[in-house]
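The structure appears right after this line, and notes come after that.
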Amino acid sequence: MTTAELLQQARARADATTPYAGAVTPQEAYALLQADAAIKLIDVRTNAERDWVGRVTIAEAQHGAVQWSTYPGGLPNPDFVDQLATQASKEQVLLFLCRSGVRSRHAAKLATEHGYANCFDILQGFEGDKDAEGHRKQTGGWCQAGLPWLGA
């Protein structure tokens, strides 16, 4: 699929109530990043999550990191929008990633509200949902899809 086709498919996942451009699967996100060097992944997990759980391995220029909430404490990052502005332009296609796809939706919404027109949620996130035993990285997500990542 071409970049345009992937983005069209992602936009089709949005409905009238979706407050951002759309959503991509982890595989689609990776394909977009491989196809277009101007697309950027914004990892909104905490610094601790990236350090202790792992991080995607993609071209450095395509990788951004802005904590949605802080660690420790889990408080909302009051500087999220300002920090995003230092890493991405409002015209870029931005793919937001978190652990399971919840914080990334909130980040895509907030960025859209601040003028970023091409914000997409990465469905399932980095680790995916918990399996029957309560473990992650087994049911959906970037890791389970076998996409490149570096463990802690």
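The table below gives the values:
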{"read-out": "Among (1) of a type in the set (A, V, I, L, M, F, W, C); (2) in contact with a helix residue (DSSP H, G or I) (Cβ under 6 Å, 6 or more places away or on another chain); (3) more than 21 Å from GLU91 (Cα to Cα) - the single one VAL53 does not satisfy", "value": "(2)"}
{"read-out": "Close pairs from segment 69-89: first hydroxyl-bearing (Ser, Thr, Tyr), partner in a strand (DSSP E or B), Cβ under 6 Å, at least 6 apart", "value": "SER69/PRO76"}
{"read-out": "Residue in segment 93-104 that is surrounded by the most Cβ atoms within 10 Å (Cβ to Cβ), counting only those that are in a loop (DSSP other than H, G, I, E, B) and not β-branched (Val, Ile, Thr)", "value": "CYS98"}
{"read-out": "Residue satisfying all of: in segment 71-86; in contact with a helix residue (DSSP H, G or I) (Cβ under 9 Å, 6 or more places away or on another chain) and more than 16 Å from LYS109 (Cβ to Cβ); surrounded by the most Cβ atoms within 10 Å (Cβ to Cβ) among these", "value": "TYR71"}
{"read-out": "Residues being in contact with a strand residue (DSSP E or B) (Cβ under 8 Å, 6 or more places away or on another chain) and either in a loop (DSSP other than H, G, I, E, B) or under 19 Å from PRO26 (Cβ atoms) (or both) - total across segment 54-69", "value": "11"}
{"read-out": "Selected residue [of a type in the set (A, V, I, L, M, F, W, C) and either surrounded by fewer than 19 Cβ atoms within 10 Å (Cβ to Cβ) or in a loop (DSSP other than H, G, I, E, B) (or both)] from ALA107, ALA37", "value": "ALA37"}
{"read-out": "Matching residues in segment 1-25 - criterion: being in contact with a Cys (Cβ under 9 Å, 6 or more places away or on another chain) and either over 25 Å from THR70 (Cβ atoms) or of a type in the set (A, V, I, L, M, F, W, C) (or both)", "value": "ALA21, GLY22"}
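Each reported figure results from applying straightforward, stated rules to the coordinates on display, with no laboratory input. Predicted model, so just to flag it, every value in this text is computed and none were measured. Every residue, glycine among them, receives a Cβ derived from its backbone with ideal geometry; neighbour counts consider all protein chains shown.
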